[in-house]
Each structure stands twice: as structure tokens, then as C-alpha cells.
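Below is one structure; the comments refer to it alone.
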Amino acid sequence: MSKAILITGGAGFIGSNFIHYYQNKYPDRQLINVDKLTYAGSLNNLTEVENKENYHFIHGDIADINTVEAIFRDYDIEGVIHFAAESHVDRSIDDASPFIHTNVVGTLNLLQAARADWEAKGELPERRFHQISTDEVYGSLEGSGKFTEKTPYDPRNPYSASKAGANFLVQSFGHTYGMNVIISSCSNNYGPRQHEEKLLPTIIRHALANEPIPIYGDGKNIRDWLFVEDHCKAIDMIYHHGKVMEVYNVGGNNEQENLTITQLICQLLDDRRPDLLQAYHLEHFSDLITFVEDRKGHDKRYAIDAGKIQKELGWQPEIDLENGLRKTVEWYLQKWKTNVPI
Ligand SMILES: NC(=O)c1ccc[n+]([C@@H]2O[C@H](COP(=O)([O-])OP(=O)(O)OC[C@H]3O[C@@H](n4cnc5c(N)ncnc54)[C@H](O)[C@@H]3O)[C@@H](O)[C@H]2O)c1
């Protein structure tokens, strides 16, 4: 049995981008992708890799321990890169239970199955568990300052609380059992293959359909924006070269208000689809921006200090906001032109 990396949640946004990135960079390495295919996951994100010999898809729920144990029995899992999660804050505010089920129980199952398998093989010190986390575990920033790896956790919504809980479990398996765990916490990703409920696809879809573009509150909430391919490169570096038991923050060095991001996307669409502007009798797509009631407990500002990963691993984002947004808009326009829903 050849060794394989277990990717969880690889049919989602970041996981699928990572699988593409990893398969291109290391075409001979084995990847196993387990995904429950919730509303957020789609095999359409993986059509380019689905027939490759060194890629295997398992339709399964990480919160089901039998499924997880079977994967470790059937494959020689040399490491885990754990993306699978319920990931949408608004949904966690409506109902937190699926977030505990997947993000906490699912993570625990993976840790337990990995530990049992790696201990039985006498290889616990050689194998790695990489937890993909979020800057939201650090809470919200008012005014200046940035989150560092030492910022205490202060999750403010059920999603970030479930991710913080999962991170504590991951760290505890490192301390208690000597597992080689590593955590990376990243800022807001954007790019191709993101689920339609997230901000960028929502803006593009509404603009192209001549519908109001909904923006929470006054649009002044600030996020740090990271192009997903830059994030994939960071994960590759952290998984292979990061120090175990460490946390790495990954950010795009790109703090922007939600409103600014929306206006930039509208400008890109103005340039690319003047025909639609004319058809809709609009001067600019930004005319469609409509402020709606703010999200409950909406965190004001997130900002990442990514100095540690830059210093230790030499990673820094390569794609600036202008380029990243252009690539993203092109990708969605392409999809839209072929009548695939965005
Ligand atoms: N998207 C971001 O901006 C962002 C930012 C910071 C951190 N993260 C973290 O990155 C990871 C990936 O985020 P994403 O945006 O790609 O999420 P996503 O919602 O697009 O994808 C999640 C994937 O996990 C799968 N999944 C959900 N529950 C599962 C279960 N019980 N068993 C197996 N698979 C399951 C879904 O089917 C989906 O394919 C998450 O852990 C998230 O917390 C995301």
C-alpha cells in the first residue's frame, strides 16, 4: 500500500483548490479526499482530477467514526490536511449543531483514528496532522493592531467557537500523545470555486442578474483578503516544512472594507460587461449595492500578522488584490457564460 495524504473536505472551496494545486505540483503523490458533499461541497469542483490514478474520492462523514477508521484501515495515511468544516457564519447563527458535529466531533474522530493507526505502526513521530483554521478564532479587532499567533482566542460566533474548540483538541493531541500537529489560521479566502453563499460570488451573481447586491450594515467591516492559490502554497509549505506544535497565521496583507471589495468587483464587471449595463439601463453595477440589516454580532475587523510564516518559511502572498479579483471575476464570468449557476 503506497502512502497517501488524507484531505478532508476536498470538494469544498479551499480543499478543491488545494487538490488542484497539489496534483499539479506533485503529480505522483497519492491523495485521498473524504467529503460528505454537504450543500457546500461539489464534485464539479474536481472534474479535472477525478480520473487520475493517484486521486481517490470517498463520500463520507468525518463525524462518523466508523467511516474515519475505515479510511485509516484501507489506506496508509502518512498525514492529514483537515479542511472539512461547516464554514458559514450566518448558518452557525441560525443553528450551531452541525458546526459542533462536523467541526468538533469530526476533528476529534480524525485525531483519534490517526493516533491509533500511527501508534500501531510505530510511526507517530513521523506523521503529521495539519488543521486548517481561521483568523476568526481570535475574535474582532477595534482600531489598529493585528492578530499574531499569540493572540488569545476570543471566538464571537458559533462557527468560530467550533473552530477554536477543534484547534484546542488538535493541540491537546500534540501535548498529550506527542502527535505531530500543526495549525494554520488564515484570513478571508477568495478565488475560483467558492460556494455561492459567500460574499464575492453573491456580488457577481446579483450584478449579472440585475438584482440588488446586499451588503451588511454600512459595509465598513474590514477583512484581510487572501487569494486562494496563495493560501494553497502556504499550506503546502506549512505541511511539509512547518514546525510541529506551532501555529502559522496566513494572510493576504490586504485589509479592505466589504464595501470597497464590492465596488472593485463592480468596476471589473463594468469593464467586462458594458453590454449588460446597457441592457439593464445602469450606469454602473455598483448602482445595485443595497445595504441590508447587519449580521448579528458582526465582527468589525480582522487583520493578520503573517510575519512568522514569512520569516520562518519564506512564504508571502504573490497575487495582489487587483490581480486576484480579476482572476476571480474572469472565472465566474466564464462559468456564467456557459450557463452554470454561480
Ligand atoms: N473560506 C475562507 O475564507 C476560510 C477562511 C479561514 C478558514 N477557513 C477554513 O478552511 C476550511 C475550508 O473552508 P472552505 O471555505 O473551503 O469551506 P467550504 O464550506 O467551501 O467546504 C467545506 C467542505 O467540507 C465538506 N464537509 C462538511 N462537513 C463534512 C463532514 N461532516 N464530513 C466530510 N466532509 C464535510 C463539505 O461538503 C465541503 O466540501 C474550513 O475548515 C474553514 O474553517 C476558510
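Give the residues of region 87-137 that are of a type in the set (D, E, K, R), surrounded by fewer than 23 Cβ atoms within 10 Å (Cβ to Cβ) and either touching an Asp or Glu at 6+ places or on another chain (Cβ under 9 Å) or touching a residue at least 24 places away in the same chain (Cβ under 8 Å) (or both), sorted by residue number. Steps first, please.
Within region 87-137, the first condition is being of a type in the set (D, E, K, R), and the residues that meet it are 90-91, 94-95, 115, 117, 119, 121, 123, 126-128, 135-136.
Adding the requirement that they be surrounded by fewer than 23 Cβ atoms within 10 Å (Cβ to Cβ) leaves 90-91, 94-95, 115, 117, 119, 121, 123, 126-128.
Answer for region 87-137, where residues must be of a type in the set (D, E, K, R), surrounded by fewer than 23 Cβ atoms within 10 Å (Cβ to Cβ) and either touching an Asp or Glu at 6+ places or on another chain (Cβ under 9 Å) or touching a residue at least 24 places away in the same chain (Cβ under 8 Å) (or both): D90, R91, R115, D117, E119, K121, E123, E126, R127, R128.
Looking only at region 97-115, decide whether some residue is under 26 Å from Y302 (Cβ atoms) and not in a helix (DSSP H, G or I).
no
For region 233-262, what are the residues that are touching a His at 6+ places or on another chain (Cβ under 9 Å) and among the aromatic types (F, W, Y)?
Within region 233-262, the first condition is being touching a His at 6+ places or on another chain (Cβ under 9 Å), and the residues that meet it are 235, 238-239, 242, 245, 250, 252.
Y239 - this is the single residue of region 233-262 that is touching a His at 6+ places or on another chain (Cβ under 9 Å) and among the aromatic types (F, W, Y).
Considering region 66-85 alone, what residues qualify as being surrounded by fewer than 17 Cβ atoms within 10 Å (Cβ to Cβ) and closer than 11 Å to V34 by Cα? Can you show your working first?
Start the filter on region 66-85 by keeping residues that are surrounded by fewer than 17 Cβ atoms within 10 Å (Cβ to Cβ), which leaves 66, 69-70, 73-74, 76.
Selection gives nothing.
Would it be correct to say that L6 is within 13 Å of the ligand (Cβ to nearest atom) and part of a strand (DSSP E or B)? I'd like the intermediate steps shown before the answer.
Working: within 13 Å of the ligand (Cβ to nearest atom): yes; part of a strand (DSSP E or B): yes.
Yes.
Of the residues that sit in region 32-53 and are of a type in the set (A, V, I, L, M) and within 9 Å of the ligand (Cβ to nearest atom), which one is nearest to the chain's Cα centre (by Cα)?
Residues of region 32-53 of a type in the set (A, V, I, L, M): 32, 34, 37, 40, 43, 46, 49.
Still in the list and also within 9 Å of the ligand (Cβ to nearest atom): 34, 37, 40.
On the way: V34: 16, L37: 15, A40: 12 Å.
The extreme case among them is A40.
Tell me which residues, restricted to region 274-289, are touching a helix residue (DSSP H, G or I) at 6+ places or on another chain (Cβ under 9 Å) and either under 23 Å from I93 (Cβ atoms) or among the hydrophobic types (A, V, I, L, M, F, W, C) (or both). Spell out the reasoning first.
Looking only at region 274-289, we keep the residues that are touching a helix residue (DSSP H, G or I) at 6+ places or on another chain (Cβ under 9 Å), and these are 276-277, 280, 282-289.
If the condition is that a residue be touching a helix residue (DSSP H, G or I) at 6+ places or on another chain (Cβ under 9 Å) and either under 23 Å from I93 (Cβ atoms) or among the hydrophobic types (A, V, I, L, M, F, W, C) (or both), then L276, L277, L282, F285, L288, I289 are the ones that fit.
Could you grab me the full set of residues in region 276-302 that are closer than 17 Å to I204 by Cβ, aromatic (F, W, Y) and part of a loop (DSSP other than H, G, I, E, B)?
At the first step, the residues of region 276-302 found to be closer than 17 Å to I204 by Cβ are 276-277, 279-280, 282, 284-290.
Adding the requirement that they be aromatic (F, W, Y) leaves 280, 285.
Result: Y280, single match.
Read the figures in this text as sums done on the coordinates, not as results from a lab. Just so it is clear, the structure is predicted and the values come from calculations on it, not from any experiment. Ideal geometry is used to build each Cβ from the backbone, glycine not excepted, and the neighbour counts take in all protein chains shown.
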